[in-house]
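The structure appears below as structure tokens.
The values are calculated or read from the model by the stated rules, or taken from the named source; none is laboratory data. Remember, it's a predicted structure, so these values are computed and weren't measured experimentally. Heads up, the Cβs are rebuilt from the backbone with ideal geometry, glycines too, and the neighbour counts pull from every protein chain shown.
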Ligand SMILES: [Fe+2]
């Protein structure tokens with residue numbers, strides 16, 4: 001599903017995997033042992049099966065935006081949970097989160113930013129993110145799942161791709177002219193509608209509601225985490241008028257302001273929920289009962 005929804009298209013992803021396999025073949029046996037085998041068949045480094053305690057049929061899944069030890073203990077208390085699904089990456093999927101950020105280079109290119117500029121700026125940012133992740137206690141939640149005997153997986157960019165595709169289709173369909181039209185469009189989506197109730201609805205971070213949207217980019221909905229702040233100027237040059245994102249740092253906001261790029265923040269956990277829900281609907285269709293937790297605003301689109 002993540003590949004189907006990916007803006008790069010199936011073929012481009014196939015080529016990326018082939019490149020990885022070719023590179024892998026050239027490694028020595030010693031080097032091969034350090035490579036995550038899943039990466040040769042799965043293009044999203046931040047989405048992985050993290051622990052299989054019991055390879056049984058899944059009837060009930062506990063699903064949250066962030067899963068930590070507290071949620072694993074909660075699963076134990078609830079009793080009949082067969083699988084725990086986290087949206088945000090854990091374990092090796094967290095350690096390798098930065099690898100999915102390359103996806104942003106391709107989206108930037110699709111948005112009209114020259115690939116050399118996109119790669120140059122993203123390379124710098126990707127290594128910064130990689131260094132930042134290095135210090136994390138990656139295995140903490142995985143260890144709890146092992147001790148308490150739970151199946152555990154995480155699905156990050158695969159779900160974010162679903163949210164990005166969903167939003168792109170909505171925007172392409174209704175072609176909002178001004179930011180207020182874009183806001184109205186977002187606020188009709190149930191996950192955002194519910195988020196408004198607890199103060200986390202869509203907000204305009206840069207620009208005002210009278211501004212025209214121009215070309216809208218969904219760069220910041222998928223692709224791991226925030227890209228380079230230096231990209232806004234390049235995006236403006238490429239003809240992007242508005243960026244729709246999940247969240248934005250102060251530094252990124254300042255750069256967007258300087259470049260006159262409007263920024264609409266749809267909401268973090270609500271946007272994450274949207275993507276996760278589209279995935280969970282498929283599980284629901286297969287008879288899996290979903291227990292939402294940890295911020296997940298569960299909306300089922302299964303009729
Ligand atoms: Fe997120």
Take residue 132 and decide whether it is within 16 Å of the ligand (Cβ to nearest atom) and more than 25 Å from residue 277 (Cβ to Cβ). yes
Which of (1) within 16 Å of the ligand (Cβ to nearest atom); (2) closer than 26 Å to residue 6 by Cα is the odd one out, the single condition residue 200 does not satisfy? (2)
Residue hits (the stretch 202-240; assigned to a strand (DSSP E or B) and either farther than 11 Å from residue 111 by Cα or without any contact (Cβ under 8 Å) to a residue 24 or more places away in the chain (or both)) are 203, 204, 205, 206, 212, 220
Report yes if some residue within the stretch 206-214 is under 25 Å from residue 46 (Cβ atoms), in contact with a helix residue (DSSP H, G or I) (Cβ under 7 Å, 6 or more places away or on another chain) and surrounded by 16 or more Cβ atoms within 10 Å (Cβ to Cβ); otherwise report no. no
How many residues are farther than 23 Å from residue 292 by Cβ and either at pLDDT 95 or above or not in a loop (DSSP other than H, G, I, E, B) (or both) if we restrict to the stretch 248-275? 15
Of the residues in the stretch 172-199, how many are surrounded by fewer than 18 Cβ atoms within 10 Å (Cβ to Cβ) and touching a residue at least 24 places away in the same chain (Cβ under 8 Å)? 6
Any hit, the stretch 146-164, residues being farther than 26 Å from residue 82 by Cα, in contact (Cβ under 8 Å) with a residue 12 or more places away in the chain, within 16 Å of the ligand (Cβ to nearest atom) and surrounded by fewer than 22 Cβ atoms within 10 Å (Cβ to Cβ): no
Are there any pairs, at least 6 apart or on different chains, whose C-beta atoms fall under 9 Å, with the first in the stretch 246-273 and over 21 Å from residue 213 (Cβ atoms) and the second more than 16 Å from the ligand (Cβ to nearest atom) and in a helix (DSSP H, G or I), and if so, which? 273/194
Since residue 228 meets every condition but one in (1) at negative phi; (2) at pLDDT below 95; (3) within 16 Å of the ligand (Cβ to nearest atom); (4) surrounded by 16 or more Cβ atoms within 10 Å (Cβ to Cβ), which condition does it not meet? (3)
Which residues, counting only those in the stretch 62-112, are at positive phi and either within 16 Å of the ligand (Cβ to nearest atom) or in contact with a helix residue (DSSP H, G or I) (Cβ under 6 Å, 6 or more places away or on another chain) (or both)? 91
Of the residues 267, 295, 241, 245, only one is over 30 Å from residue 78 (Cβ atoms) and within 15 Å of the ligand (Cβ to nearest atom); which? 245
Answer with yes or no whether residue 280 is under 30 Å from residue 76 (Cα atoms), crowded, with 21+ Cβ neighbours inside 10 Å and within 16 Å of the ligand (Cβ to nearest atom). yes
Can you tell me which of 36, 55, 82 is modelled with pLDDT of 95 or more and surrounded by 12 or more Cβ atoms within 10 Å (Cβ to Cβ)? 82
